[in-house]
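The values are calculated or read from the model by the stated rules, or taken from the named source; none is laboratory data. Predicted model only: the values in this text are computed from it and were never measured. Don't worry about glycine lacking a Cβ; one is built from the backbone with ideal geometry, like all the others, and counts go over all protein chains shown. Heavy atoms of the whole protein, side chains included, go into the accessibility calculation; ligands, DNA and RNA do not. Shrake-Rupley method; radii C 1.70, N 1.55, O 1.52, S 1.80 Å.
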Amino acid sequence: MTIIPRRRFKQTKSLKERLLEEAHKLLEEARLLPRGPVRDAALLRAKQAETAAHMDDWLNSPGLRPPKKDDLPGPK
């Protein structure tokens, strides 16, 4: 059995930047398309990318902290 090494590379842009670029690209693409299911799919994917970028912001915000051991329910 041959083990194939994983391809690894360092991202040069943050996840948020990549998601927002994808959303912008999809919105531009949808703007050029005629009304119909293909355009609707592009608009949906753009909205999903924007939502994911906002979720990334929320998850990386300083206000979001894991619970402390004392805050967890159950026996102590």
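Restricting attention to region 1-42 and to residues that are outside any helix (DSSP H, G or I) and of a type in the set (G, A, S), the residue that is nearest to the chain's Cα centre (by Cα) turns out to be S14. In region 1-28, the residues that are under 26 Å from S61 (Cβ atoms) and at pLDDT below 90 form no Cβ pair under 6 Å with any partner that is part of a helix (DSSP H, G or I) and open to solvent by 100 Å² or more (accessible area, probe 1.4 Å), whether six or more places apart or across chains.
On the stretch given as region 24-63, residues that are basic (K, R) and either open to solvent by less than 100 Å² (accessible area, probe 1.4 Å) or touching a Pro at 6+ places or on another chain (Cβ under 6 Å) (or both) total 1.
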